[in-house]
Amino acid sequence: MHRLFRVVHTAKVTTASYSTHPVRDLRTSTLVPLIEVAKPALASDASHLRDIYETLEAKGILQVQLGFNDENSTYLRSLISNLHKNHNHGLPITHSAERGWFWDVRPSPTSFESHQTRSETMFRFEWHTDCSYEEQPPRFFALQVLQPDRYGGGTLSVLNVDRLLTLLSPFAQRWLSSYNYKINVPPEFTKTARTQYIVGNLLAVNLSQSSGSRLRFREDITVPLTLDASKALDELKEILYSGAQEESLHLPPQSLPQGSIIMMDNRRWLHSRNEVKDPNRHLRRVRWDATPFGPCGS
């Protein structure tokens, strides 16, 4: 049974008639482990849970491919619950005051509406991490693909923070690690009227290892509070929008077909998305394991 859900790096033929198997090149297979799930009950299987947990700890990113239809995200709900019970992952966080743990992401072809998130538009969404405005941002998030973009849009791009740090100067790393940034809470994510912003650091460098550094970032809600903090932020943005292109990995709809679930460490990987072309594109998102964003090791 174990071979049905072990981590694999090569494509296999799936029997699910509603979904094509993900198209994965060598680089994708190297950076993003693929775990195939043959049945929903594996969400409660100890060996499967250990595979998921250990892969997220080691790589910070993985792709699950379901071999069955799961419109209600039963597998993902059970998986996160069992990661909480067996591996000390925190439970999911609520989206906002109006929405709960799981929320559907469907694009609107029009401009921003009240309480509409950037991911619910068809516009490009630049590099960011989720919930950077939270004192305790979630460590992980997952996106389940219920309907991929049939017209080739909505490509998910990912960028590893440790690779990004190799491009940042010591000056920028030092100031991005300082508590000199105001991060505003977007109106669509407001949970309490009392919390409109937080002040904190954007970067937590892991000095004890060559990997595991953390970043939180969303440009449109981040305000530097000093001149040097502003210079460091400008350097980060310049690298993100030009110098880091070779370090980015792009996952088009063929790589994330129906039945795919992409899971990411929200602090060790940034993500972005290009323009959505299909108004019927449908994803389901959940975020979990919220902990304070402080220096590495805290």
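Every number in this text was worked out from the coordinates using simple rules, so none of it is lab data. Every value quoted in this text rests on a predicted model; they were computed, and no experiment measured them. Neighbour counts run over all protein chains shown; Cβ positions are idealised from the backbone, glycine included.
Annotations
- Reachable aspartates and glutamates, given that their alpha-carbon falls under 19 Å from the alpha-carbon of Lys231 and they are not under 8 places away in the same chain: Glu219, Asp220
- Structure remark: mean-square fluctuation, Gaussian network model of the chain, C-alpha springs under 10 Å; the largest value among Leu146, Leu233, Leu207 belongs to Leu207.
- 0 to 90° range, to nearest 10: angle between helix 46-59 axis and the chain longest Cα axis: 30 degrees
- When each of Trp175, Trp288, Trp101 is scored by the number of other beta-carbon atoms lying within 10 Å, the sequence from fewest to most is Trp101, Trp288, Trp175.
- GNM remark for the chain: springs join alpha carbons under 10 Å apart, and the peak mean-square fluctuation among Val223, Val286, Val161 falls on Val223.
- Listed by chain and number, the aspartates and glutamates whose C-alpha is less than 16 Å from the C-alpha of Lys191, apart from same-chain residues fewer than 8 away, are Glu98, Asp130, Glu134, Glu135.
- Paramagnetic reach from Ser242 (point 7 Å along Cα→Cβ, amide N under 17 Å) across region 200-233: 231-233
- Listed from fewest to most Cβ neighbours within 10 Å, the set Ile80, Ile221 follows the order Ile221, Ile80.
- Per-pair calculated FRET efficiency, R0 = 35 Å: Arg50 and Thr166 via Cβ, rounded to 0.05: 0.65
- Lysines with Cα under 27 Å of Lys59, excluding same-chain neighbours fewer than 8 positions away: Lys12, Lys39, Lys85, Lys237
- Cα-centred dipole magnitude for the chain, charges only on beta-carbon of K, R (+1) and D, E (-1), debye, nearest 20: 460 debye
- Selected from Ser255, Ser169, Ser213 as most flexible by GNM, with the chain as the system and alpha-carbon contacts under 10 Å: Ser169
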